[in-house]
Structures are given as C-alpha cells and as structure tokens.
Amino acid sequence: MRSTIGRTLMALCVLGLMTACAQPAREAGMVIGPVAESARLATTVPALSSAVAVGQISGGSATNPMGMSQVDDATIRGALRASMTVHGILSNDPNARYQIAGHLNELQQPFFGVDVTVTSNILWTLLDRISGAVVFREQVVTPYTARFSDAFVGVERLRLANEGAIKANLTKLFERLAVQPLTPQTPTVTPAPAAPAAAPSAAPSS
C-alpha cells in the first residue's frame, strides 16, 4: 500500500513539474555574444558603423501562463538592439541613415517533445532613409533544438528553444548583412504568359 501511494505521489510531482506555468522568452537568452573585431559589422561593412536605428518590430506574441511560451515584440527589439551594439552598428539617433525593421512571420513550435525544436521565420528589411530605398530585404528562417538535458521541465525547454531560435535568426541576419551589397532591392516580377497566337482564318469558300 505504501509503495503504491509513494508511486502515486511521485507521479503527481512529476506531472506538476511537467505542467508548470509557461514563461516568456528572455532577452538575455537571445542576445548575440561577443564577436571578434574582424567579424563585427562595423568593421566588415563600415557604412553601417553606428548608423542603424531600429524601426518597427512586429509579429510577436505575449505569453499566456496557461498556454505556451512565446516571444513578444519588445523582447525581440531589445535583443536586436543589444546584438547591434555588439556589432557596433546601433545608432540612437532617430535620424540615422539606416533603419532596420523586422516582422516575425512564424514561430513554429511543437506541442510536446523530449527534445524541443522551434523554428523562427522573420522578414528583415533595411531602409536607406537618404535615398528612401530598401537596400536589404530577406526572410530568415532558423531552427533551434533544446535538449532534455538542457531542462527537465517541458515548458522550460520550450522557452529555451524559443530564445535559441531568435538568437540564431539574429546571427544569420548579421551574416547576411555582412555579404549582401547595400543596393536597392528590385521586387521580383513574374512575367505574364504570352498571349496565345490567333488561329489562322479559314479561306472563304467560293
């Protein structure tokens, strides 16, 4: 009897841990760490050095404690600004030459899993405010997996996976900015199909 009660209590404790309240993603877990001077965007792309202001960040969601961990706009914005500071490109001047904006198209999450993989999909745009042209526009998609060894509680693993997916997205963004020429982006237009040739007219009968 005692062993049965003990197993029941143990199961209830584990269930309580596994169903803990959801926690929102934390900015600190999404900020890019220190990079070598030679790899900083301020070095590789001098035009961006202290010349980029942060514009609108959208698409994020607040976390419902009874639901799933999410990432809100303010947290993405904070992580972006801190990461831009690491790369030496952040400007606090509202009239800075460049302005970057991002929209979280999707944060793909599993409902459960031993190892939790989250994939972030963010559309980034960089505007040259002198010319008024968008000089960078790219959809960046990055996955990140939080392992069972990273956190025993499922909701904690999901939060870590959210943070890792956004951090990986920011890392990829800066990698792309380092190699993408800052030239006006021309929208891709699919040419209209050619009109079918007219059928030859039949010869009039005599």
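What follows is calculated from the coordinates using simple rules that are stated; it is not laboratory data. These figures come from a predicted structure and were not determined experimentally. Backbone-built Cβ (ideal geometry, glycine too); neighbour counts: all protein chains shown.
Stretching the chain fully between A28 and L123 yields a gain of 32.0 nm (0.36 nm per residue, less the alpha carbon separation). A Förster radius of 25 Å combined with the Cβ-Cβ distance from E175 to Q56 puts the calculated FRET efficiency at roughly 0.65. Over all other residues within a Cβ to Cβ distance under 14 Å of H87, the charged ones net out to +3, with Lys and Arg as +1 and Asp and Glu as -1. Restricting attention to the range 20-179, close to 80% of DSSP beta bridges with both partner residues there are antiparallel. Estimated at 0.36 nm per residue, the fully extended path between T85 and N105 surpasses their Cα-Cα distance by 4.7 nm. Annotation note: chymotrypsin sites (Phe, Trp or Tyr not before Pro) in the range 39-121 located in DSSP loop regions with a Cβ neighbour count of at most 15 within 10 Å are F111, F112.
Treating each Cα of the range 20-179 as an identical point scatterer and summing with the Debye formula, the log10 of I(q)/I(0) at q = 0.11, 0.17, 0.18, 0.21 Å⁻¹ comes to -0.44, -0.94, -1.03, -1.30.
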